[in-house]
Structure formats: C-alpha cells, structure tokens
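What follows is a set of notes on a single structure, which appears directly below.
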Amino acid sequence: MPQPQNRPLEPDARTMAPRTRSLALVFAALAGLCLGSTAQATAVAEWNFPSGPTSPVNSYTWQADGGSLSGSASLEAYIGAAEKDDEQNLNAENGQVTWLDLKGGGDEWDDPRTGSPDVEVDKDGTVETTDFGNDALVYIVLDGTGLSNFTISIDALLDSDSDKHVTSMDFFYRVSASSNIWYRPADLNNVGWTTTSGDDASLVNFSLPAALDGETNIELVIADFAEGDGNGFLGLGPVTIEAVPEPTTALLLGLGLAGLGWMGRPTGQSS
C-alpha cells in the first residue's frame, strides 16, 4: 500500500492573520511614538536620603533609589574641612541630607579621577585651576545613554537665621572619560533658589547643558553654596534628575518586544 507523501508545513491562515495584524499594530504604534508624539521627561535618578551618616563623617554616598531608571547613579555629599571642628556635621534623615558649618573651606575633596584637590574648570572658554570655591559639595555620577534634555530638581531647607541663608550655587559638569576638564558655563554660575515659603526654598526643573545628552558617563558637581555672613546650615531634600528617552531607544525596545512575539507564533500544522 503506498505511503502518503509528506507535505510541507503550511501556516494556518486563521492563526497567522490575527498575529500579523497585531504585529502591524505594534509597528504602527512605534512609528507614531517616534514621529508623531511629544516625548515626555521621566525620572532617571532620584535620591530621598534615608538615615545615614552622623558627625564626624565628612562624606557619604547614596545609590539612586530603586525606582530610578539609572540604577547605577550615585550621589555623594561632602562637607570639606570645617573651620570650627566642633560644629562640623553631615547628617541624613527624614529624606534630607544636612550640613552644619557649610562654608568650611579647605582642600579635602579630591577629584575621583585625578586624585587631586585641584581641578581644571573651563569657564566660558577660560580654563583655570580651582577647588570649586569651597569643599562642601554634591557629586553625582550617572549613565545618560539614550537620554536627553536633562533637568534637575532640588528641594532645600534653609536656616531661619537670614544671615545664614544659602542664596546660590554653581553647577559643574564633565562627560568625557578622556578629559579631566570640568565645565561651568555662565548660566551655571550663581544659580539661585526660588523661595517657596518660610525657611524652605526650591530649585525646580533647572535645565542642564545639552552636552550631557546621550553620554554614558556624566559627572556633576554642585558647589560654592554662597550665603550671607558666617557659616550656616543647609538641608537638601529629594534630588531628582529627569530626562527624555530618545525615540530610537523606545523604538528598539518596542522592536525587541515585537520580535519576541513574532518568534512565539505558530509555524503551521501538518496534515
């Protein structure tokens, strides 16, 4: 008796059609995302400062909160060398990191890359050697791959004594792993707080330079906390860095998901 010949596997049209339509919808949605919609900023790194260091600690480092997209991001608060050692203090509790004797000065903070307390800063094309004005500073490191349009939001608690209020600060950035030069354009110099109420102040959604866009290695220093007479107190509340995911990043992610769905489709049925 002749044996039935093997027939090539053929897709089941009833099974394939819905999957094909679904895949087409995925691609159409991704195209709309990349071409027709406005990308929204999202938090990529955030710090709320759970309880941490106490005097006489000079510095402490926090990793970004678990909900951040850039989980490797870190923030170091540094107090420097206080003029009055008995007042030197760095604390973290209730979602804030606080300094006492903020304007300590000295040369205790060393650049993590060079190991030197002195750094080269390009101020609008003029390079000079400095120690960031004073050593009470915040040092942030994060990965900006696939991100653009960075902003930073910082809440602050100031001293009720008006002659100790912090009125401004400087922002420095460095993005190239091959260069040790920090940059501080004019618009990052003496950036002021926007007072909200009472002793509180906020610096909300301050735009960071476009030079950070897409950079794998981003370093930020916030320093030179200028204030009135005498040394003072400063408490920084939640620090949030937001950015806009680049369309190509969203597209690649969507294509990957679509590919997984396509690979899992039925290949047909035998007869």
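The values are calculated or read from the model by the stated rules, or taken from the named source; none is laboratory data. Values in this document were obtained by computation on a predicted structure and should not be read as measured data. Methodologically, a virtual Cβ is constructed for each residue, glycine included, from the backbone with ideal geometry; neighbour enumeration extends over all protein chains shown.
Residues of the range 192-220 that are buried (at least 16 other Cβ atoms within 10 Å of the Cβ), assigned to a strand (DSSP E or B) and modelled with pLDDT of 75 or more: 218, 219, 220. Can you find even one residue in the range 147-166 that is over 22 Å from residue 62 (Cβ atoms), touching a strand residue (DSSP E or B) at 6+ places or on another chain (Cβ under 8 Å), of a type in the set (Gly, Ala, Ser) and modelled with pLDDT of 85 or more? Yes: the range 147-166 contains one or more residues that are over 22 Å from residue 62 (Cβ atoms), touching a strand residue (DSSP E or B) at 6+ places or on another chain (Cβ under 8 Å), of a type in the set (Gly, Ala, Ser) and modelled with pLDDT of 85 or more.
Screening residue 132 with (1) on the phi > 0 side of the Ramachandran plot; (2) at pLDDT 90 or above; (3) within 24 Å of the chain's Cα centre (by Cα) gives one miss only, at (2). Only residues that are farther than 23 Å from residue 94 by Cα and modelled with pLDDT under 85 were counted in the range 26-69, giving 14.
Residues being surrounded by 15 or more Cβ atoms within 10 Å (Cβ to Cβ) and either modelled with pLDDT of 70 or more or among the β-branched types (Val, Ile, Thr) (or both): count how many of those fall in the range 84-100.
Just the residues of the range 84-100 that are surrounded by 15 or more Cβ atoms within 10 Å (Cβ to Cβ), to begin with: 88-92, 95-100.
Add one more test, that the residue is either modelled with pLDDT of 70 or more or among the β-branched types (Val, Ile, Thr) (or both), and what stays is 89-92, 95-100.
Count: 10.
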